[in-house]
Amino acid sequence: MNVKPDFSKNANMASTAPAFLSIYDMHAYYGESYIIQGISFNVHEGEILALLGRNGAGKTTTLRGIARMDDPQVTHGEIWLDHKHLHTMKSHQAAVAGIGLVPEDRSIIPGLTVEENLQLAQIVEPIGWTLDRLYDLFPRLGERRKQEGITLSGGEQQMLAIARALARDIKVLLLDEPYEGLAPVIVDEIEKTLIHIKEQGITTVIVEQNAVRALELADRAVILDTGSIVFDGSAAEVLENAELRAEYLAI
C-alpha cells in the first residue's frame, strides 16, 4: 500500500522519526520497458538504507529516478527531500538541493587530477566538506591529489567518487554497487568511511549485490522484485529471515 509523504513529528513510519527522503508512487520506464511500478518508501535522516533485489529488479532505476537523471523516464509519482519536491527538478537542481549520486561506473573524469575532480564538484564554496576535510577522511586521496583520477586503483576511484559527492555538501548519498570489483580489505575501509559519514548526519541509500554486507551496514532495508516493493523493514529482520533472503536475494 502506498503511503503519502508525512513529515510530521508523529508520522507513523518505520521509525518514530519524521521522513527525510520520501518516494511516493513512483513509476519509471526505460524506453518501452516498465521498470518501476508504483513504489513508495521513506528514508529517515542519518540512517543507512539498503535497497536490494535481484538483477533487473529496478534498484539502479530507483536511484537514478531519485537523482532526477534524464534516464529513466519517471512518468508519475512524488519525490521529497527535507520538504522540497524533487520530482519537479532537473538533475543539477536535485544536486544543489542535496542529492549526491555515486554511479556504478564511478564516472571519474579523464584528464583531471584527483583535486580537479573534487574542485569541479564544488558548485559553490563548500560549507562543511572542504578539500582539507575530504583529505582527512580519505588520506590516500590527499597523497594522490595531483595524480590523474582515472589512473587510481579501483578502491581509490571509489573513494574519489564518494568524496566528489560529499564535496557538494550533500544531504543524501546514493551509492550504486560501491563494492563491485573491490578486495574485502578495501570494502572494510569504505564501510568504515560510510559509518563516519552516517555519524555526520548524512543519509545514505546503498544498492549492493553483496546483500549480506549491505545489510550488516544498514539500519533498514527495502527489497524490490520486478519493480515492486516486497519488503520494507529493519535490516536485522532480513538477516534473520532465511526464507526471505532465499526467495528475493538468492542468499
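Rule-based calculations on the coordinates, nothing more; no lab input. Every value quoted in this text rests on a predicted model; they were computed, and no experiment measured them. Backbone-built Cβ (ideal geometry, glycine too); neighbour counts: all protein chains shown.
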Sorted by Cβ neighbour density within 10 Å, fewest at the top, the residues Met159, Met69: Met69, Met159
Order of Lys146, Lys198 under a 10 Å beta carbon neighbour criterion, fewest first: Lys146, Lys198
Contour minus Cα-Cα distance for Leu120 and Asp71 (0.36 nm per residue): 15.4 nm
Helix-only [θ]222 nm of the chain, DSSP H runs n ≥ 4, -39500 (n - 2.57) each, per residue, nearest 500: -9000 deg cm²/dmol
Span per principal axis, largest first, for the Cα atoms of the chain (Å): 51, 40, 38
For q = 0.19, 0.24, 0.27 Å⁻¹, Debye-computed log10 I/I(0) when each Cα of the range 101-170 counts as one equal scatterer: -0.63, -1.04, -1.32
Listed pairs Lys59/Lys90; Lys84/Lys198; Lys59/Lys198; Lys90/Lys146; Lys90/Lys171; Lys90/Lys192 exceeding 25 Å between Cα atoms: Lys90/Lys146; Lys90/Lys192
Share antiparallel - DSSP beta bridges, the chain, percent rounded to 5: 60
